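Since the structure comes first, as structure tokens, the remarks are kept for the end.
The values are calculated or read from the model by the stated rules, or taken from the named source; none is laboratory data. These numbers were taken from a predicted model, which means no experiment stands behind them. Cβ atoms come from the backbone with ideal geometry, glycine included; neighbour counts cover every protein chain shown.
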Amino acid sequence: MENTLATSAYLPHIAILGAGAIGQLMYHQLCHANQAQAKHAIALIGRQNHTQLQPLQFTDHCGLTHNTNALILATTDTRLAKIQLLLVCVKAYQVETALLPLLSQLSPQCHIVLLHNGLGPHLPVSKAIELHPEQGLTLGTTSQAALKINQWHIKHTGLGVTQLGYYCGHQLAPNLQASIQAMHSQEQPLEWHQPVLAVLWQKLAVNAVINPLTALHQCNNGQLAAGKYREQIKMIIQEIVTVAQYDGIKLDPKLLSTRVYKVIELTSANFSSMYQDVVHHRATEIDYINGYICQRAQHHNLNAPINQSLAAAVAALNCTLA
Ligand code: KPL
């Protein structure tokens with residue numbers, strides 16, 4: 001396998017753009033599923049300008065560590081033209097710059113799956129896909145969690161559901177849909193939703209509550225269950241329900257609140273991605289979470305003062321730390 005991987009005869013059909021914790025997790029899960037199916041060759045796409053063979057380590061949720069070698073394709077590698085399915089696992093604010101220049105290099109029939117926190121990048125990406133009439137777009141979100149031990153070693157820290165749904169362009173081919181399906185199990189289920197935007201708004205609401213509050217109050221997710229946050233959480237949810245309704249998405253505030261508190265409970269010991277971004281002085285996804293809610297509010301001539309103040313407070317935190 002290693003020998004084959006290193007040669008140009010290895011023609012990957014599935015690639016993952018973004019070699020962060022979630023990108024590497026998807027790579028390991030796809031390879032595992034592929035081993036059983038022996039169907040598709042898989043690669044990561046990196047930022048470097050040369051293709052390389054990279055040793056990876058993966059500590060699974062049982063604590064077992066697996067070693068493997070991955071082909072990391074440079075963005076200039078002509079084998080990109082063979083990619084039939086591209087899973088985009090970069091942060092929301094990187095999607096446009098990382099993906100759009102690649103679209104014309106991928107197979108004309110390539111199907112793109114966006115998997116990030118927040119909402120917004122699907123708008124420019126769907127516009128760009130109109131220029132590639134045989135390509136298609138699926139949107140999704142995952143509650144699985146992974147942590148980087150170092151650049152090429154990740155640990156699977158949380159099982160969770162992945163929710164996906166077709167958005168525009170060509171439909172996902174059944175054999176590729178089967179490859180994605182094979183990555184999932186009872187412990188880490190995959191749900192297909194049509195239309196997909198309603199479930200993405202639900203996850204957006206979870207992130208719009210947990211991420212800024214944990215970043216601003218420097219606490220883990222579980223601490224948000226304290227009574228002192230109850231009223232603020234209720235108001236954030238209410239505002240999201242109103243904006244979503246103007247966007248044609250019907251959300252139930254009671255169900256949403258139950259979902260938010262369930263995630264707080266299930267991930268109580270975790271530190272949210274935004275908390276971690278702030279602590280490590282990295283850019284946050286605030287513009288695509290509370291910021292996106294404000295943009296949609298503005299689009300409908302509404303005010304969203306609670307989400308607006310959270311977005312401003314996190315942006316200010318980023319500036320202070322920069
Ligand atoms: O998605 C998450 C994140 O941290 O970004 C939650 C669900 C809030 C879990 O921490």
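Yes/no per residue for (1) touching a Lys or Arg at 6+ places or on another chain (Cβ under 7 Å); (2) among the hydrophobic types (A, V, I, L, M, F, W, C); (3) touching a residue at least 12 places away in the same chain (Cβ under 8 Å):
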| residue | (1), (2), (3) |
| --- | --- |
| LEU73 | yes, yes, yes |
| ALA81 | no, yes, yes |
| SER104 | no, no, yes |
| VAL125 | no, yes, yes |
| GLN144 | no, no, yes |
Legend entry - Those residues of the range 105-146 which are more than 22 Å from LEU197 (Cα to Cα), away from the ligand (no atom under 14 Å from the Cβ) and not in a loop (DSSP other than H, G, I, E, B), in sequence order: GLN105
Legend entry - Filter result for the condition that a residue is in contact with a Leu (Cβ under 6 Å, 6 or more places away or on another chain), part of a helix (DSSP H, G or I) and within 10 Å of the ligand (Cβ to nearest atom), over ILE264, ILE237: ILE264
Legend entry - Residue, modelled with the highest pLDDT, within the range 40-54, restricted to residues that are crowded, with 16+ Cβ neighbours inside 10 Å and in a loop (DSSP other than H, G, I, E, B): THR51
Legend entry - the range 1-32, residues that are at pLDDT below 80, assigned to a helix (DSSP H, G or I) and of a type in the set (A, V, I, L, M): LEU5, ALA6
Legend entry - Which numbered condition VAL278 fails, given (1) touching a residue at least 40 places away in the same chain (Cβ under 8 Å); (2) out of contact with any Gly (no Cβ under 8 Å at 6 or more places or on another chain); (3) away from the ligand (no atom under 16 Å from the Cβ): (3)
Legend entry - Checking ALA312 against (1) assigned to a helix (DSSP H, G or I); (2) buried (at least 16 other Cβ atoms within 10 Å of the Cβ), the condition it does not meet: (2)
Inset, instruction - Would you check if ALA145 is within 24 Å of GLN54 (Cα to Cα) and over 19 Å from the mean Cα position of the chain (by Cα)? - result: no
Inset, instruction - Answer yes if at least one residue in the range 228-244 is surrounded by 21 or more Cβ atoms within 10 Å (Cβ to Cβ) and in contact with a Gly (Cβ under 7 Å, 6 or more places away or on another chain), and no otherwise. - result: no
Legend entry - In the range 180-212, the residues that are at pLDDT below 95, part of a loop (DSSP other than H, G, I, E, B) and of a type in the set (A, V, I, L, M, F, W, C): MET183
Inset, instruction - Could you tell me which of the residues LEU102, LEU86, LEU71 is in a helix (DSSP H, G or I) and outside the structural domain of MET274 (by TED's automatic domain parsing)? - result: LEU102
Inset, instruction - Check VAL209 against each of (1) within 19 Å of ILE16 (Cα to Cα); (2) within 16 Å of the ligand (Cβ to nearest atom); (3) crowded, with 21+ Cβ neighbours inside 10 Å; (4) not polar (S, T, N, Q) and name the one condition it does not meet. - result: (1)
Legend entry - GLN177 farther than 23 Å from GLU285 by Cβ, modelled with pLDDT of 95 or more and surrounded by 14 or more Cβ atoms within 10 Å (Cβ to Cβ): no
Legend entry - Candidates ILE154, ILE149, filtered to the one that is surrounded by fewer than 16 Cβ atoms within 10 Å (Cβ to Cβ), touching a residue at least 40 places away in the same chain (Cβ under 8 Å), more than 14 Å from the ligand (Cβ to nearest atom) and of a type outside the set (Asp, Glu): ILE149
